1. Pairs, please: C-beta under 6 Å, at least 6 apart or cross-chain, first residue of a type in the set (Asp, Glu) and in segment 10-30, second part of a helix (DSSP H, G or I) and near the ligand (Cβ under 9 Å from one of its atoms)?
2. Please name all residue pairs, on different chains or six or more residues apart, with Cβ atoms under 9 Å, provided the first residue is in segment 198-209 and is without any contact (Cβ under 8 Å) to a residue 12 or more places away in the chain and the second residue is surrounded by 11 or more Cβ atoms within 10 Å (Cβ to Cβ) and of a type outside the set (Asp, Glu).
3. Of all residues being farther than 20 Å from Ser142 by Cα and in contact with a strand residue (DSSP E or B) (Cβ under 7 Å, 6 or more places away or on another chain) in segment 86-121, which is farthest from the ligand (Cβ to nearest atom)? Just the residue, please.
4. I'd like to check which helices (runs of 4 or more DSSP H) are fully inside segment 152-219 and have at least 1 residues that are farther than 16 Å from Met95 by Cα and of a type in the set (Asp, Glu).
5. Among the numbered criteria (1) assigned to a loop (DSSP other than H, G, I, E, B); (2) within 16 Å of the ligand (Cβ to nearest atom), which one does Ala4 miss?
6. Counting just the residues of segment 128-151 that are of a type outside the set (Val, Ile, Thr) and assigned to a helix (DSSP H, G or I), which one comes out nearest to the chain's Cα centre (by Cα)?
7. Do we find that Ala54 is within 12 Å of the ligand (Cβ to nearest atom) and surrounded by fewer than 16 Cβ atoms within 10 Å (Cβ to Cβ) in this structure?
8. With respect to Ala20, determine if the residue is closer than 25 Å to Ser140 by Cβ, modelled with pLDDT under 95 and buried (at least 20 other Cβ atoms within 10 Å of the Cβ).
Amino acid sequence: MANANGKVAIVTGGSRGIGAAIAERLGIDGFTVVINYAGGAAEAETLAEKISQAGGRAITVQADVSNASAVASMFNTVESAFGGVDVLVNNAGVMQLAAITEAEDSVFDSQIAINLKGTFNTLREATRRLRNDGRIVNLSSSQTGLLHPTYGIYAATKAAIEAMTQVLSKELRGRNITVNAVAPGPTATKLFLHGKSKDVIDHLAKLAPLERLGEPVDVAAAVAFLTGPDGGWINGQVLRANGGII
Ligand SMILES: NC(=O)c1ccc[n+]([C@@H]2O[C@H](COP(=O)([O-])OP(=O)(O)OC[C@H]3O[C@@H](n4cnc5c(N)ncnc54)[C@H](OP(=O)(O)O)[C@@H]3O)[C@@H](O)[C@H]2O)c1
């Protein structure tokens, strides 16, 4: 609990998977954690309880990140509860795989709305609200480098997030706020495992020289580095946390 001295961190999409691991880790690191979720209220509440029982402090806030006014309300709620915000982790995301020739408009629109517009919504709000000396971490994906077939729309949203990461790190000059991205490789969560056969999962797990899938805690450790004292000189960078897959 030594690092953060009660600084306040919002983790979007914190109800499960990588976001839940990040929220739990930031709670251990001493942040007051805001677990954002869209639909998974019960999972978010269970996680908040777990963080509290471990000696940390956490609340849950429902907000669909694709909705700008819901995002503004979430920041209002957090400021009312804790007096300010220091860290934003943009983790909420969806992945719908489709070859470009077959992709329905809805597949394009929902990934743009949640991954890209959602990240924009929270970034814009954070630029107006984050206290000086803050940290922002955006979740990208190693698919921006792997560029596997069927990942085109998803990878495009993440490439855009990497671009905004680097631009925003410059726009926040003078406030001592760092903006970085963490780009996981295949990680054992619902988002990755859903709809894949065991053979496909085994194949993807073996692609990295470390020959396993990432676990949510592996990614949470990379985020914790960037939000913690040792990450303070890292700014405008993309950290691929992927076992060496690319
Ligand atoms: N798993 C991987 O292999 C992998 C690899 C590279 C990058 N990533 C990135 O890592 C991040 C987390 O992925 P994950 O694997 O942990 O996914 P996941 O297990 O599917 O969890 C996604 C989280 O995002 C939330 N969410 C979805 N839509 C939302 C919305 N509109 N507003 C607010 N929250 C929303 C979900 O909450 P509700 O259940 O409440 O909707 C859930 O907590 C994503 O940005 C993903 O692109 C994952």
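1. So the pair list comes out empty.
2. Cβ pairs passing all conditions: Lys206/Arg212.
3. Selected residue: Asp86.
4. Result: 152-171, 198-207.
5. (2)
6. Among them, the one singled out is Gln143.
7. No: the conditions fail for Ala54.
8. No; evaluated as a whole, the condition is false for this residue.
The values are calculated or read from the model by the stated rules, or taken from the named source; none is laboratory data. Source: prediction; values computed, not measured. Ideal geometry is used to build each Cβ from the backbone, glycine not excepted, and the neighbour counts take in all protein chains shown.
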